[in-house]
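First the structure, in the form of structure tokens, and then the observations on it.
The values are calculated or read from the model by the stated rules, or taken from the named source; none is laboratory data. Everything numeric here is computed off the predicted structure, so don't read it as measured data. Here Cβ is always computed from backbone atoms with ideal geometry, including for glycine, and neighbour counts include all displayed protein chains.
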Amino acid sequence: MSLVMRCRFVREAFSIDVDLSVASGRVLGITGENGSGKTTTLDMIAGLLPCTSGSIRIDNVIVDDEPTGQFVQAEHRGVATVFQGGGLLPHLSIDRNLVFGRGRTLRASTRFDDVVEAFDLRTLLARKPHELSGGQRQRASLARAFLSPSRILLLDEPTTFLDVASRGVVRRLMKQWFAIYEGTVVLVSHDPDEIDDVADGSARVRVSRGAMTEAVLSVA
Amino acid sequence: MSLVMRCRFVREAFSIDVDLSVASGRVLGITGENGSGKTTTLDMIAGLLPCTSGSIRIDNVIVDDEPTGQFVQAEHRGVATVFQGGGLLPHLSIDRNLVFGRGRTLRASTRFDDVVEAFDLRTLLARKPHELSGGQRQRASLARAFLSPSRILLLDEPTTFLDVASRGVVRRLMKQWFAIYEGTVVLVSHDPDEIDDVADGSARVRVSRGAMTEAVLSVA
Amino acid sequence: VAASCSSAPSGPTSGAGESELNVHVAASLSAVFEKLGDEFASQFPDVTIRFNFAGSSTLVTQIREGAPADVVVMADSANMDKLVSNGDVNAGDVDELARNELAILVEKGNPSAITSLDDLTRPDVRVVLCDEAQPCGRYASQMLEAERIDLTPASRELSAAAVLSRVANGEADAGIAYVTDGMLPNDNVEAVRIPSQVNVTTNYPIAKMAKPNSGDANAVEAFIALVRGPSGDEALTNAGFTLP
Amino acid sequence: MTRRLSHPRGLALIGLPAAALVILPIAAVVWRTPWSNFWSAISNETARNALTLSLRTSVIATLLALIFGTPLAWFLANSNLRGRSIVRSLVVLPMVLPPVVGGVALLFAFGRRGLVGGLLDDWFGIRLAFTETATVMAEFFVAAPFFIVVMEAAFEQVDRRVMGAARAFGAGPWRTFLTVTIPLVRPSLIAATVLTWARALGEFGATIAFAGNTPGRTQTVPLAVYSELESGNDSALALSMLMVVISVVVLVALRSRWFGALRRGGE
Amino acid sequence: MTRRLSHPRGLALIGLPAAALVILPIAAVVWRTPWSNFWSAISNETARNALTLSLRTSVIATLLALIFGTPLAWFLANSNLRGRSIVRSLVVLPMVLPPVVGGVALLFAFGRRGLVGGLLDDWFGIRLAFTETATVMAEFFVAAPFFIVVMEAAFEQVDRRVMGAARAFGAGPWRTFLTVTIPLVRPSLIAATVLTWARALGEFGATIAFAGNTPGRTQTVPLAVYSELESGNDSALALSMLMVVISVVVLVALRSRWFGALRRGGE
Ligand SMILES: Nc1ncnc2c1ncn2[C@@H]1O[C@H](COP(=O)(O)OP(=O)(O)OP(=O)(O)O)[C@@H](O)[C@H]1O
Ligand SMILES: Nc1ncnc2c1ncn2[C@@H]1O[C@H](COP(=O)(O)OP(=O)(O)OP(=O)(O)O)[C@@H](O)[C@H]1O
Ligand SMILES: [Mg+2]
Ligand SMILES: [Mg+2]
């Protein structure tokens, strides 16, 4: 099993209990009310927030464990993320954003060209993020995650800002990719259609709102 | 007629021709590809960007006219905007964001309470924007526009980040409000459903991609 | 750099190898000593002479804190006395190098018609003095007190040169500084002599250090000899100093 | 191993030499200060006069820098007038001028024989030298460029879209400037203010050359300290220490109030 | 009426007095400088030595502030250790200490009879005072706090989520610091560097007290200017003007390269 998470997060009045396990190669779809803790959950998996208690395991390696104090830093977790609303680095051009943290060789690879083509970014490569439209930024953010070698892929509302056609294209790309992706995917979306279409059947979760939410699920 | 815009905008390789006129009380729905110039068009109406050539009239008053050099500043145009992705002021708490530019009395009004209730912001009023979830921020941005006295209302993908339930609530609120709103509404959305439901029947536009796009329409 | 200032034990011969000489000089004598330094350098090319020009009191602090020193020249005996009482200088090594006198500095042409110390008390005359902490300030106060002249200076400048500059720039109508200041290259200022029965004679003591930093005792003696010899006398008198 | 996003390991350690080089001399001066006669050194009238004068003039100079420097910095960051880069270079010059020369420059401009000082004297009978005004001017001349340079950089970093959003919601340019731009640059504004005040408080060269050294009128603490040092007086150290203590108290008070508010404010 | 989002009307005008107060004296000193003997004043050996020494030491002091001050500023902005606020106050102190006292403090610490200077001498035979190293130390002591204060404010304003995103995409803390944090604070970094360099270049009090005023070895331009002024010599102005010209050239060169790159960079 590839992602096992059993932990609680508390921040001021807000708290969430997460209990999930997803096998490699499977796609977990999460949907839930605004403010229920979806982004927070992804941040814990990515290593941007520590669990308040409990632990997270990736490929059977403990990456966060409150009792023993173990904590694997974000850059060593092998997690790629499409952040909610983008999360591009504002001071770098799009092409440097796409290869950020990966080294020079990637930019010259055919994989790079393929992804740039697939997300229609060719003409935008030299621009800074603030010189793009909302949808263009979102496409760049998706491309960055697709280009990143990873064991876990987190997508936080990946089709926001996309036009109808791009949404279709991206959904198709996701499905194609997830079919051959060997790691674990967690997809957050408010679009039930998208979850139905992309996530594995058994893997839809609804996170409910309130002081404490429980998300027990396992996708084998 | 309340909003008449006939202008061209050029920025580097990108250019768009806009030709539209919308009567008071009507709702214009705009949909179109990413990067086709929807946000740019709204920015010109709001006074954040000047037309490269042509002119814009609000309630028969020229607010931007390239030939004569007339230009009414953004704060005098009476335009309220739900910016793409939010656009809250990052240093102010939500309640101060909601009444920004409006003065103290608003915060004590029943209208304020009603809107805060409708958008379920009561418990979030004291927080800063970065302490909110994506959907919560979007709700605050909507509430700010609803609270703003305006002649023109611009909504740039107003239901992004919203969960399914909130999306329904917001759509209902928009319809209720637009029914009694005396000004002109321009709604940008990638959701054909939303446009169908909220915008006036005859008022859907598709902006097409390319070096030059033409959007000729009139909603009487 | 660090090695060059640590006291490497070198032979006390001025002929053999490099040696250096650290000379601390009151800032008001910097022009005179730079000239003498050049002359010394041409006579003793293998001795590197290093001057340190600062206010006498700063020099005392620096020497007390261990600044490498061979020869000191002060603008007054009070500061030299501090070095003596601290054991840095032997009382027997102190010699009087030059003398100076106070003068009233006024603008060229003396527009305020100042001819005596009494004129300085006129209400229309703005006077600047040196600060009490400076030798020229102490001497001026001493003189004014002796003459029972009570005057409120517009400012207590931190050096005689500053008094000169005040007068030159027209900010002050008169100032009390040294006779030598009146001889500095300045087109806007002239000196009004103060009668010698009223005037205070100041002196500039010179001494070698009790424990010179330089291993080269000959160089120390040679430098002092040069300064106190004809070359030194000429440079000092040219600058307006009198010799003891 | 701490359970949170880590910091660059060892980065803080690199800072240690800097901290040491700055802190050791402070420790040394504390060690050497004759604390037994601390009270007598600071309680005499000269010291008290110097202290109040220093505080008063440095605060005024800082306020002037705030009031006049902020607009100038904003202009430099935002205008695209031709003259901008010239103004910028000129404004920065006092920073590299040796302060004494700065004082001399002020004399050449505002002294009795100066560029405009002569006119001031002839027409209005105003003579600036040897006045408290001159002290403030000298401190401003030397310190304000620091303020302007920091604030220009800060204004350049403000997100224009946020300012646009404020305008779109009815705030005029002035209101946007005061309620949006300024709060967004607040940490830099505080840093610039602290910097400017400190520079003004420690100013020596320009003050002595332009304003002179009149006890009770233009003798600020640095001048008094210099004078004491020159008399070989230990009370110089006592006076400096007092100034240091006062500055620390002021800075800590400011920080806990302003920076505290800021931290709550977040990004 | 310009057709774009307007600026606060008159704001720039408020900046005029500041600009005037700063620019007038500069103009006056240019006017009074004896240009006829400019060349002879700056071409003698003492002047040339002072100039190269000043440039060399101020650049080294600035580089040291960059290398050691950046980590320290980052620590102050990010750590939540207890000692942080104490370190912060101490580091800022040299800004308010009159520079001469700063020099005396350095003597007390690193002089031959000083706190650690004695040990350095006894153990390693290293004597710092009255050397070029001392000049660099004095300039660093006085100027580095300016750097640290500006950079601390800059680091506090960096958006942590951007740094988080960089980490999530595989950049370690060091790499994130160097390729994300530093570029994001670049305008402030440049401002802080300019500031620090200027402060170091104009340093007088601490230098004369700690490094001495030895022509050819520790006599920087401000000290040479002081000596010239003490001898009632006009060449003081010529020398200052030369320094000013050099600074302007350097600043303009830096600006067109760095700031140009920045402006293209955008927010
Ligand atoms: N910095 C913060 N400080 C305090 N509370 C926060 C902070 N960030 C988020 N929250 C709160 O934590 C809760 C979870 O937020 P999170 O962003 O995980 O929600 P979400 O499920 O992703 O919502 P959305 O669908 O709107 O994106 C929300 O109630 C939010 O208000
Ligand atoms: N600052 C800028 N500099 C240069 N080009 C820009 C800048 N901002 C936007 N653009 C370009 O202008 C075009 C129009 O952008 P705009 O944001 O109006 O698109 P949009 O229709 O709102 O797209 P979306 O549906 O993705 O929000 C895009 O092609 C974009 O790349
Ligand atoms: Mg979220
Ligand atoms: Mg858009």
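For D:Ser89, the stated conditions hold: it is under 26 Å from E:Ser6 (Cα atoms), small (Gly, Ala, Ser) and at the interface with another protein chain (Cβ under 7 Å from one of its Cβ atoms).
Applying the criterion of being loosely packed, with under 13 Cβ neighbours inside 10 Å and of a type outside the set (Asp, Glu) to the residues of the stretch C:115-141, the residue that is farthest from D:Gln219 (Cα to Cα) is C:Thr115. Flag set for E:Thr33, criterion: modelled with pLDDT under 85, closer than 30 Å to D:Ala109 by Cβ and touching a Leu at 6+ places or on another chain (Cβ under 6 Å). Could you figure out which of (1) more than 16 Å from ligand 3 (Cβ to nearest atom); (2) under 28 Å from A:Thr40 (Cβ atoms); (3) out of contact with any Asp or Glu (no Cβ under 9 Å at 6 or more places or on another chain) isn't true of A:Arg172? Result: A:Arg172 fails condition (2) only. Of the helices (runs of 4 or more DSSP H) lying entirely inside the stretch D:164-213, those containing at least 3 residues that are farther than 28 Å from D:Val244 by Cβ are D:173-176.
Of all the numbered requirements in (1) within 16 Å of ligand 3 (Cβ to nearest atom); (2) within 11 Å of another protein chain (Cβ to nearest Cβ), A:Ala74 misses one, and that requirement is (1). Within the stretch B:138-162, being within 15 Å of ligand 2 (Cβ to nearest atom) and either modelled with pLDDT under 95 or touching a helix residue (DSSP H, G or I) at 6+ places or on another chain (Cβ under 8 Å) (or both) holds for B:Leu154, B:Leu155, B:Asp156, B:Glu157, B:Pro158, B:Thr159, B:Thr160, B:Phe161. All of B:Cys51, B:Cys7 fail the test of being closer than 30 Å to A:Asp120 by Cα, over 18 Å from the mean Cα position of the chain (by Cα) and within 16 Å of ligand 2 (Cβ to nearest atom), apart from B:Cys7.
Only a single item in (1) away from chain E (no Cβ under 11 Å); (2) assigned to a loop (DSSP other than H, G, I, E, B); (3) over 28 Å from C:Ile194 (Cβ atoms) is not met by C:Gly92, and it is number (2).
For (1) within 16 Å of ligand 2 (Cβ to nearest atom); (2) under 20 Å from B:Gln84 (Cβ atoms); (3) at pLDDT below 90, each residue gets a yes or a no:
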{"residue": "B:Thr105", "(1), (2), (3)": "no, no, yes"}
{"residue": "B:Phe119", "(1), (2), (3)": "no, yes, no"}
{"residue": "B:Gln136", "(1), (2), (3)": "no, yes, no"}
{"residue": "B:Val164", "(1), (2), (3)": "no, no, no"}
{"residue": "B:Val186", "(1), (2), (3)": "yes, yes, no"}
{"residue": "B:Pro192", "(1), (2), (3)": "yes, yes, yes"}
{"residue": "B:Gly201", "(1), (2), (3)": "no, no, yes"}
{"residue": "B:Ala215", "(1), (2), (3)": "yes, yes, yes"}
{"residue": "B:Val219", "(1), (2), (3)": "no, no, yes"}
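Residue-wise test of (1) modelled with pLDDT of 85 or more; (2) of a type in the set (Ser, Thr, Tyr); (3) under 30 Å from E:Thr193 (Cβ atoms).
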site	(1), (2), (3)
D:Gly69	yes, no, yes
D:Val91	no, no, yes
D:Leu107	yes, no, no
D:Leu119	no, no, no
D:Val136	yes, no, yes
D:Phe141	yes, no, yes
D:Pro145	yes, no, yes
D:Met151	yes, no, yes
D:Phe155	yes, no, yes
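No other residue among A:His190, A:His130 is facing another protein chain (nearest Cβ under 8 Å) and under 16 Å from the mean Cα position of the chain (by Cα) apart from A:His190. When the residues of the stretch B:142-175 are narrowed to those that are more than 19 Å from B:Asp191 (Cα to Cα) and part of a helix (DSSP H, G or I), which ends up farthest from ligand 4 (Cβ to nearest atom)? Applying the filter and picking the extreme gives B:Leu147.
Of all the criteria given as (1) more than 9 Å from chain B (Cβ to nearest Cβ); (2) within 15 Å of ligand 2 (Cβ to nearest atom), the one not satisfied by A:Leu173 is (2). Got a sec? Which of E:Thr33, E:Thr2 is of a type in the set (S, T, N, Q), more than 30 Å from D:Trp74 (Cβ to Cβ) and more than 9 Å from chain D (Cβ to nearest Cβ)? Going through E:Thr33, E:Thr2 in turn, the sole match is E:Thr33.
Identify, from the list E:Arg167, E:Arg175, the residue that is among the basic types (Lys, Arg), buried (at least 23 other Cβ atoms within 10 Å of the Cβ) and without any contact (Cβ under 8 Å) to a residue 12 or more places away in the chain. That would be E:Arg167, the only listed residue that is among the basic types (Lys, Arg), buried (at least 23 other Cβ atoms within 10 Å of the Cβ) and without any contact (Cβ under 8 Å) to a residue 12 or more places away in the chain. When you check D:Ala50 against the structure, is it buried (at least 22 other Cβ atoms within 10 Å of the Cβ) and more than 10 Å from chain E (Cβ to nearest Cβ), yes or no? It is true that D:Ala50 is buried (at least 22 other Cβ atoms within 10 Å of the Cβ) and more than 10 Å from chain E (Cβ to nearest Cβ). Checking the stated criteria, A:Asp193 turns out to be out of contact with any Cys (no Cβ under 6 Å at 6 or more places or on another chain), over 24 Å from A:Thr40 (Cβ atoms) and not hydroxyl-bearing (Ser, Thr, Tyr).
Would you mind stating whether B:Gly69 is more than 13 Å from ligand 2 (Cβ to nearest atom), free of Cβ contacts under 8 Å to residues at least 40 places away in the same chain and surrounded by fewer than 19 Cβ atoms within 10 Å (Cβ to Cβ)? So B:Gly69 passes the test. B:Ile94 - would you say it is within 14 Å of chain A (Cβ to nearest Cβ) and over 30 Å from A:Asp120 (Cα atoms)? So B:Ile94 passes the test. When the stretch D:84-104 is filtered for residues that are without any contact (Cβ under 8 Å) to a residue 40 or more places away in the chain and surrounded by fewer than 24 Cβ atoms within 10 Å (Cβ to Cβ), the ones remaining, listed by number, are D:Arg84, D:Ser85, D:Ile86, D:Val87, D:Ser89, D:Leu90. Tell me whether the stretch A:117-126 contains one or more residues that are more than 17 Å from E:Phe169 (Cα to Cα), more than 14 Å from chain B (Cβ to nearest Cβ) and away from ligand 4 (no atom under 16 Å from the Cβ). Among the residues of the stretch A:117-126, at least one is more than 17 Å from E:Phe169 (Cα to Cα), more than 14 Å from chain B (Cβ to nearest Cβ) and away from ligand 4 (no atom under 16 Å from the Cβ), which makes the answer yes. The condition (being among the small types (Gly, Ala, Ser), within 16 Å of ligand 2 (Cβ to nearest atom) and within 14 Å of chain B (Cβ to nearest Cβ)) is satisfied by just one residue among A:Gly85, A:Gly37: A:Gly85.
Tallying residues that are within 7 Å of chain E (Cβ to nearest Cβ) and surrounded by 23 or more Cβ atoms within 10 Å (Cβ to Cβ) within the stretch D:105-136 yields 5.
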